[in-house]
1. Out of the residues in segment 183-206 that are assigned to a loop (DSSP other than H, G, I, E, B), away from ligand 1 (no atom under 11 Å from the Cβ) and at pLDDT 95 or above, which is nearest to GLY97 (Cα to Cα)?
2. For a quick check of your reading: which strands (runs of 3 or more DSSP E) sit entirely within segment 23-127 and have at least 1 residues that are in contact (Cβ under 8 Å) with a residue 60 or more places away in the chain, under 28 Å from ASP192 (Cβ atoms) and among the aromatic types (Phe, Trp, Tyr)?
3. Just need a number here: residues in segment 135-173 that are aliphatic (A, V, I, L, M) and either out of contact with any helix residue (DSSP H, G or I) (no Cβ under 9 Å at 6 or more places or on another chain) or within 16 Å of ligand 1 (Cβ to nearest atom) (or both).
4. Looking at the structure I just gave you, is ILE171 β-branched (Val, Ile, Thr), at negative phi and surrounded by fewer than 24 Cβ atoms within 10 Å (Cβ to Cβ)?
5. When you go through (1) over 24 Å from THR224 (Cα atoms); (2) surrounded by fewer than 14 Cβ atoms within 10 Å (Cβ to Cβ) one by one for ILE41, which number turns out not to apply?
6. Go through segment 147-166 and give me each residue that's in contact with a strand residue (DSSP E or B) (Cβ under 9 Å, 6 or more places away or on another chain) and closer than 29 Å to THR267 by Cβ.
7. For segment 42-59, which residues satisfy the criterion of being closer than 14 Å to GLY222 by Cα and among the acidic types (Asp, Glu)?
8. For segment 232-258, give me the residue count where each residue is buried (at least 19 other Cβ atoms within 10 Å of the Cβ) and either touching a Phe, Trp or Tyr at 6+ places or on another chain (Cβ under 8 Å) or without any contact (Cβ under 8 Å) to a residue 12 or more places away in the chain (or both).
Amino acid sequence: MGKRISLYFILFTIIFLSCDDENRVIPTPNTQVEERIPTPIFNADSAYDFIQTQVDFGPRVPNTKEHTACAEWLVKKLDSYGAKTMVQEGEVTAFNGDKLQIKNIIAQFNPEKTSRLLLFSHWDTRPVADKDKSRQGEPIDGANDGGSGVGVLLEIARQFNLQETKLGVDIIFFDAEDYGIFEGSMNRGAEDDWCLGSQYWGNNPPIANYRPRFGILLDMVGETNAQYPKEYFSTYHAGNIVNKVWNTARNIGYSNYFINTKIGQITDDHRYVNILANIPSIDIIGWNTTTNTFGDYHHTHKDNMEGIDKNSLKAVGQTVMEVVYQEK
Ligand code: AHN
Ligand code: ZN
């Protein structure tokens, strides 16, 4: 045991300590991994009842008392779920010159939050059954076309009140979506004949600097064996949102509904939310891929409660809720 060994000992100790010091793993609280809060369960029975209530008012055609009564009910429901609700009233001119007194119904959940999402539907019913063989001049029930999107969103609003979302959410029910040119009409039709409520909203923004991350439109989401393809405007303006929603649907077992099929452009409210308000928005819209058009109920008196299927409401409602509740 000489100086040499004690020198080695000292050297070794120094190296060992310095190594230990440098490589020491300091246990840190695991703040990076956030706990995944389960998404609440969408209740399709409740959504169905909300569609029934709308239909029970009678056709919600602008400038009618049924339309006014239903608007009052919608505002009352949204208020009761804790939203800050407002009605944007305006006058628009339809393709045939009709002046329509419209109401866009806007509900803000957690309006103080700056990170926000937008969910929307149209709530008006078509004034004619122009694709029917009989009673073409009479308005339709609009159980699927008008009723279904609102019914699903009202159920989602009810859930927002039971369990708060991380982001703020806005729900808009647009008016006068379905007053587009009547088949067989002598008037000249144009794309902008449709979606008068969302166009009015886009041209007269009721909330300044409104910038939600993205928007999701629900239109005709309640038919039996519904299929929702990837619509062109949606993919064009918000392809990443289409992928997010369709992947979410697949992950929770609804790929039979959210099919991986592309279809052409559909003039719907999301077009104007994209173009006029610059909010990347998609359309979840029922489509028959066999006939390559809407279902045979479309704009006929067959669009009644008998055509509404709770399984389709569930597929859409649960998917949209999963997207909203899991958005960080
Ligand atoms: C057109 O047929 C041009 N647009 C369909 C949008 C719509 C009508 N959604 C419901 N009814
Ligand atoms: Zn329609």
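The values are calculated or read from the model by the stated rules, or taken from the named source; none is laboratory data. These numbers were taken from a predicted model, which means no experiment stands behind them. Glycine gets a Cβ as well: all are built from the backbone with ideal geometry, and neighbour counts include every protein chain shown.
1. Among residues in segment 183-206 that are assigned to a loop (DSSP other than H, G, I, E, B), away from ligand 1 (no atom under 11 Å from the Cβ) and at pLDDT 95 or above, the one nearest to GLY97 (Cα to Cα) is ASN204.
2. 116-122
3. The qualifying residues number 7.
4. The answer is no for ILE171.
5. (1) is the only condition that ILE41 fails.
6. Result: GLY147, SER148, GLY149, VAL150, GLY151, VAL152, LEU153, LEU154, ILE156, ALA157.
7. Hits for segment 42-59 are ASP45, ASP49.
8. Count: 7.
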